[in-house]
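These notes concern the structure reproduced below.
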Amino acid sequence: MRLKKVIIKNLKENSLLFLGVLIVTPFILLFRNTTTEYNFNFFIILFVTLIIYNIPFYYLLISYYFENKNMELRLENETIFVTKNSIEKSFNKNEVLNSTFHIGIFHKNKIDNINRTYANFSDLGYWELEFIDGEKFYLTNLIVNFLHQKPILDNTEIKYRIFPYIIRKKSILQDKTDLENQENILINRFLKKFKNKTPKELEYIISEKNKFQKEAIKAAELLLNKKSE
């Protein structure tokens, strides 16, 4: 896991920011004709500011760590290997149902040149990867180091986000199942509602597709077929 490298990079950035404030502040005060004083309150304000500045970064870092704790990713030719809690699973690239990179919006500058400001969490992001068997993984760049390169899968969607926290979504397959279940519930309701209608009335419902829901038409078709038997 690349946790140590990410933390060291953040500490270096904070150190440079801290030193920058110490160096720049006297010149600002001098320009404003104010006496330069590094008293205790100055350092307290500086440290509190740094802590607040780092809250989003460490929130993402901690959530990413627990998401990918005891996980590994390995890519070999056309095969993707994902290991979690010492259990390795392998998938072929053509088994991928959904592939999405969630990365900081700062990196969209390469596309539209808007010059967005860099934040210390701008380089954090994750790879949402779902396979046709329903398996779904959120692979953060604590274990994936290619999120800012060309995606290894051609069908990968890239989402640029202000704050790339992990959004857990239902599986595409699960959503499809939910829709099918909802459709069946509606059809059953219309079956009960239309059960006493005559064949002529059912034919009218089927013929007026613009007036009735598709579930109502399906129910009418089922009842009409049953009556015709």
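The values are calculated or read from the model by the stated rules, or taken from the named source; none is laboratory data. As the structure is a prediction and not an experimental result, all values here were calculated from the model. In this analysis, Cβ positions are derived from the backbone assuming ideal geometry, glycine residues included, and neighbour counts consider all displayed protein chains. Only protein heavy atoms, including side chains, enter the accessible area calculation; ligands, DNA and RNA are left aside. Shrake-Rupley method; radii C 1.70, N 1.55, O 1.52, S 1.80 Å.
Compared with the dominant Cα axis of the chain, that is its longest principal axis, helix 3-31 is turned about 50°.
When the alpha carbon gyration tensor of the chain is reduced to an equivalent ellipsoid, the three semi-axes, largest first, read 57, 25, 15 Å. The per residue volume of the convex hull around the alpha-carbon atoms of the range 99-229 is 179 Å³. Bridging of K200 to aspartates and glutamates at a Cα separation below 13 Å is possible for E208, E221, once same-chain residues fewer than 8 apart are set aside. When peptides 113-123, 213-223, 13-23, 57-67 are ranked by their average number of other Cβ atoms within 10 Å per residue, the highest-first order is 213-223, 57-67, 113-123, 13-23. Charging the Cβ of each Asp and Glu at -1 and of each Lys and Arg at +1, and nothing else, the dipole of the range 130-226 about its Cα centre rounds to 480 debye.
Report, to one decimal in Å, the Kirkwood hydrodynamic radius for the range 181-220 based on all distinct Cα pairs.
Its Kirkwood hydrodynamic radius stands at 10.0 Å.
Taking Cα atoms only, the orientation of helix 172-194 departs from the longest principal axis of the chain by about 30 degrees.
Take the chain with all the other protein chains still there, run a 1.4 Å probe, and you get 67 Å² of accessible area per residue. Using Cβ point charges alone (K and R +1, D and E -1), the dipole size of the chain about the Cα centre works out to roughly 540 debye. Build a GNM of the chain with springs between Cα atoms under 10 Å apart, and of K195, K69, K12 the one that fluctuates most is K195.
The apolar share of the surface of the chain, taken as the fraction of accessible area on carbon and sulfur atoms (1.4 Å probe, ligands and nucleic acids excluded), comes to 57 percent.
Taking the square roots of five times each eigenvalue of the Cα gyration tensor of the range 52-158, the equivalent ellipsoid has semi-axes of 26, 18, 10 Å, listed largest first.
Sorting 46-54, 97-105 by their mean Cβ neighbour count within 10 Å, with the most densely packed peptide first, gives 97-105, 46-54.
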